[in-house]
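*Asks:* Can you read through this structure? Questions will come right after.
What follows is calculated from the coordinates using simple rules that are stated; it is not laboratory data. Not measured: the values here are computed from a predicted model. Here the Cβ is made from the backbone with ideal geometry for all residues, glycine too, and neighbour counts use every protein chain on show.
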DNA sequence: CGAGATACATCGCCTGTCAAGGTATCTTGC
DNA sequence: GCAAGATACCTTGACAGGCGATGTATCTCG
């Protein structure tokens, strides 16, 4: 399992990325994350729900209870226009951070040449 | 300036990467970081010195006072064999985390196709 | 002699993660 | 009928890393 500290700061963006496709709920989002990453990563439940809280407080998502006839009740989340804008910004930040980290980490790669 | 939360978890590795090339000290390391990143990133001093403490406690670096005849005194750091091993592991982790984050963030990119 | 750069260091706060614990519903096997 | 396990949500308290604020001492330049 990948160290969560390396992903820290991306949790909210990861959730927003999934909500771009369609409304979803906590458990499903986490299952999708596990599937996409070949079981290499998952959000802990406490992390997931605090992230939802944060996203809703920021106005990036809107929640509503599902109308399932059977099974456990589900709380669905829908991304808002502000959420889409935030997603775009955060992905841009990620691309920049990625470049910077790559540069900083590999600058010593030819040290013993 | 890049959001530090996106770099969180890489601070120690960034420092180790620089010490692969040659022994160095806090201020110089930070100057190099600013230079390499075109002023897009820097470590805050408090972050820098707590990282040194952590690295030394872990046995990844070893420190000694410089013998400057003039100017402020400098505390130099040298990377240890354990530090080199840790660096290699952490860079490998970074590469994996990078792939995973890329996948998770861009999965919704064709949402409105 | 004052301002600003160099250089190191600590304290206390903030934020995000998460182990642990809790609730409720449905399905499956015995 | 009922225990076990999956689905699904949520909260609390602790912890770790980052960092603003603050403090020290030295050197250089005008």
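*Asks:* Taking beta carbons within 10 Å but only from partner chains, what does the mean come to for residues A:3-11? Could the numbers behind the result be given before it?
*Replies:* Numbers: counts 6, 2, 5, 12, 7, 5, 8, 7, 1.
Partner-chain Cβ atoms within 10 Å, mean over residues of A:3-11: 6.
*Asks:* Sticking with this structure for a sec: Roughly how large, in nm² to one decimal, is the mean projection of the convex hull of the alpha-carbon atoms in the stretch B:4-106? Walk me through the numbers on the way to the answer.
*Replies:* Details: hull surface 29.7 nm².
Mean shadow area of the hull around the Cα atoms is 7.4 nm².
*Asks:* Working out 0.36 nm times the residue gap between residue A:47 and residue A:25, then minus their Cα-Cα distance, what length gain in nm do you get to one decimal? The partial results should precede the final answer.
*Replies:* Values: separation 22, 0.36 × 22 = 7.92 nm, distance 1.41 nm.
Full extension from residue A:47 to residue A:25 adds 6.5 nm.
*Asks:* Any idea what the relative contact order of chain B is, in percent, if you count C-alpha pairs under 8 Å spaced at least 6 apart? Could you put the intermediate results ahead of the total?
*Replies:* Working: 91 pairs, mean separation 29.7, N = 113.
Result for chain B is 26 percent.
*Asks:* With each label point set 7 Å from Cα along the Cα-Cβ vector, what nm distance links residue B:56 and residue B:68?
*Replies:* About 1.7 nm, to one decimal.
*Asks:* Give the average, rounded to an integer, of partner chain Cβ atoms located within 10 angstrom of each Cβ in A:86-96.
*Replies:* Numbers: counts 0, 3, 0, 0, 3, 5, 0, 4, 8, 2, 6.
Per-residue shielding by partner chains comes out at 3.
*Asks:* If you average the alpha carbon positions of the stretch A:2-44 and of the stretch B:19-34, how far apart do those two centres end up, in angstrom?
*Replies:* A separation of 35 Å, based on Cα centres.
*Asks:* Work out the mean other chain Cβ neighbour count within 10 Å for the residues of A:45-54 and drop it here as an integer. Each step should come with its number before you reach the end.
*Replies:* Values: counts 0, 0, 0, 0, 0, 0, 0, 0, 0, 0.
Mean partner-chain Cβ count within 10 Å for A:45-54: 0.
*Asks:* In the protein assembly as shown, what is the volume of the convex hull around the alpha carbon atoms, normalised per residue and reported in Å³? Walk me through the numbers on the way to the answer.
*Replies:* Values: hull volume 34.4 nm³, N = 226.
Dividing the Cα hull volume of the protein assembly as shown by its residue count gives 152 Å³.
*Asks:* Let me ask something else. Using Cα atoms only, what is the angle between the long axis of helix A:81-106 and the major principal axis of chain A, expressed in degrees (0 to 90) to the nearest 10?
*Replies:* Helix A:81-106 and the main axis of chain A meet at about 20 degrees.
*Asks:* So, R0 is 22 Å and r is the distance between the beta-carbons of residue B:95 and residue A:78; what FRET efficiency does that work out to, to 0.05? If you can, show how the numbers build up before the last one.
*Replies:* On the way: r = 34 Å, r/R0 = 1.56.
It comes to 0.05.
*Asks:* For a label point 7 angstrom out from the Cα of residue A:38 toward its Cβ, which stretches of the stretch A:1-19 have the backbone nitrogen within less than 18 Å?
*Replies:* A:1-3
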